[in-house]
1. Where in the chain is the longest stretch that carries no chymotrypsin sites (Phe, Trp or Tyr not before Pro) classed as loop by DSSP and with at most 14 other Cβ atoms within 10 Å?
2. Rank MET283, MET231 by accessible area, highest first, at a 1.4 Å probe radius?
3. Using only the C-alpha atoms of the stretch 144-322, find the volume of their convex hull and express it per residue in Å³.
4. Among DSSP bridges having both ends in the stretch 144-322, what percentage is antiparallel? Round to the nearest 5.
5. Run the numbers for THR78 and GLU319: contour at 0.36 nm per residue of separation, minus the present Cα-Cα distance, in nm.
6. What are the residues whose amide H is under 5 Å from the amide H of GLY287, where those residues sit 5 or more places off or on another chain and H is modelled from the backbone?
7. If Lys and Arg each add +1 and Asp and Glu each add -1, what is the summed charge of the other residues whose beta carbon sits under 10 Å from the beta carbon of ARG146?
8. Accessible area per residue for the stretch 144-322 in Å², computed with a 1.4 Å probe and the full protein assembly in place, what is it?
Amino acid sequence: MNFASTKESNHNNGDDSGGGTWVLGIDLGGTTIKFGLFRGDKLIWRNHIRTDDFGSPEAAFQSCRDSVERTLNESSKTIEDLHAIGLAMAGVLDPKAEALAETANLHRWHHLNFRQQLADVFQKPVALLNDADAAALAESAHGLCRANSLVLMTLGTGVGGGVILDGRPIRGANGCGGEIGHATIDFSTDARMCGCGFPGHLEAYAGSAGVIQTANEILKQTDAVSALRGMKSLTPLAIANAAADGDSIAIRVIHQTGVVIGRSIAMFAHVVDPDVVLLGGAMTFGGPGTDTGKQFLQSIREECFPRTLVQISSHLKIEFATLGNDAGIVGAAHYSRQMAGETSWPGTAIR
Ligand SMILES: [Zn+2]
């Protein structure tokens, strides 16, 4: 079993010198369950387990509980001191059944009520939210570009999103609010087919497979010399590396990807009117601190701003996300505190 833990040496270690209630943030992904103990806003300790090591969610959650309990005991605390739990999960959540309605990586655990199972194991209230919403909420409350109205776009194999309005995640009636990757951006008859089965969606152009398709299409249109030509495993990372070396085709691919993302931001900015749009995920062409990442961001801004009302474009910030891998547990923990403070508690109140 892969079982590693990290104590946050720069943070309060759980003694009584710090303030705030104890909450647990859990990020349940396709391969890993990450979890972190928070006291107030401070991440005290984090850990992770592999989902493949467990036959059922209950067994995985029991392992989490054992690990959390040991850590709390080290600080002379018990599970009783845990105020609430936030659970962030990949995939589309059915808001009524509180189960995974659709996800790429957890097929064997489909249609299970994770929130109830987690509440049963810990005997604590559990607040459930989509992982992209959790990441967006974390950025909104704790990132470098904090804002009450914020949209996070996550770029990777798929294109996901989380929308925060007035400091709260918005998921809509069917759990699909913020699924920016499945918004139509190409209405032509020869639009690319999205992995979801519908044509013209953003993900077919800005997801990693879409970016590779863009590269192959541009390579076919020209005889220009390019490091990408004939490359056995063409990836967004290889494209970013080639662009960093001045490869004109790779630079075009990144620009074209920025253009489609900029257009989609220009579209939803008139629905949401956010203060900030953040780009996160694994596919940001190097992200902040690299020239290719900066060029990518510049292409997005240059396409977006001229298409938006001046009241929006004069204030809207488009930047990279800053919280990285911790965003899921930070957002889940923050959400559990938000929900615990509400009069109509939507968590599974056990006690
Ligand atoms: Zn789609």
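1. The reported range is 4-186.
2. Numbers: MET283 10, MET231 70 Å².
Sorted by accessible area, descending: MET231, MET283.
3. 120 Å³
4. Percent antiparallel among DSSP bridges in the stretch 144-322 is about 55.
5. My answer for the length gained is 82.7 nm.
6. GLY293
7. Numbers: positive: none; negative: GLU139, ASP275.
Surrounding charge for ARG146 is -2.
8. 48 Å²
The values are calculated or read from the model by the stated rules, or taken from the named source; none is laboratory data. None of the values given here were measured: they were computed from a predicted structure. Neighbour counts run over all protein chains shown; Cβ positions are idealised from the backbone, glycine included. Remember, those area values only see protein heavy atoms, side chains included, never the ligands or the DNA or RNA. Shrake-Rupley method; radii C 1.70, N 1.55, O 1.52, S 1.80 Å.
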